[in-house]
Amino acid sequence: LVGMRTWGGGIWLSSDNHLVDGGIATAPEIGTYNDKFGWGLGIENMGVIPDVEVDNDPHETFDGRDQQLETAISVLKKWIEEEPVVLPNDPGPHRDMSFQQDCPAGQ
């Protein structure tokens, strides 16, 4: 994970509280739980800390540069060099299992 710590919301918000002016009012409604992390899956009020912390500079972002994306690409390139992806051998052509007109079951 490359970027900055996430905002820390592990309790899902409802969005079905429609207001008369067409807006909506959200409220914490659906909690997530597991035995290892408890409620909020360990991120509620804390967020997820990235493996590589990189903050985007607002001015550079305005100019079209995304430091987080550039760093993520660099990290992935290095990872691929260290652990290349090995593709399996082609098993060859599959046998033809299409319906044959001269098959007795097809008549």
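Mind checking whether some residue in region 65-82 is open to solvent by less than 100 Å² (accessible area, probe 1.4 Å), within 14 Å of Gly3 (Cα to Cα), in contact (Cβ under 8 Å) with a residue 40 or more places away in the chain and part of a loop (DSSP other than H, G, I, E, B)? No; the residues of region 65-82 include none that is open to solvent by less than 100 Å² (accessible area, probe 1.4 Å), within 14 Å of Gly3 (Cα to Cα), in contact (Cβ under 8 Å) with a residue 40 or more places away in the chain and part of a loop (DSSP other than H, G, I, E, B).
Give me a count of the residues in region 1-16 that are of a type outside the set (Val, Ile, Thr), open to solvent by 50 Å² or more (accessible area, probe 1.4 Å) and either closer than 30 Å to Glu53 by Cα or touching a helix residue (DSSP H, G or I) at 6+ places or on another chain (Cβ under 8 Å) (or both). So the answer is 6. Of the numbered conditions (1) within 21 Å of Trp7 (Cα to Cα); (2) among the polar types (S, T, N, Q); (3) open to solvent by less than 100 Å² (accessible area, probe 1.4 Å), Ser98 satisfies every one except a single condition; which is it? Condition not satisfied by Ser98: (1). Checking each residue in region 17-51 for being open to solvent by less than 50 Å² (accessible area, probe 1.4 Å), assigned to a strand (DSSP E or B) and under 17 Å from Trp7 (Cα atoms) picks out Ala27, Gly31. Counting only residues that are polar (S, T, N, Q) and under 30 Å from Glu70 (Cα atoms), region 1-49 holds 2 of them. Cβ-Cβ contacts under 6 Å between residues 6 or more apart (or on different chains), taken from a first residue in region 1-16 that is more than 13 Å from Pro28 (Cβ to Cβ) to a second residue that is polar (S, T, N, Q), are listed as Val2/Gln68; Val2/Thr71; Gly3/Gln68.
The values are calculated or read from the model by the stated rules, or taken from the named source; none is laboratory data. Being a predicted model, the structure only gives us computed values, none of them experimental. For neighbour counting, all protein chains shown are included, and Cβ atoms are generated from backbone atoms with ideal geometry for every residue, glycine included. The accessibility values were calculated without ligands, DNA or RNA, using every heavy atom of the protein model including side chains. Shrake-Rupley method; radii C 1.70, N 1.55, O 1.52, S 1.80 Å.
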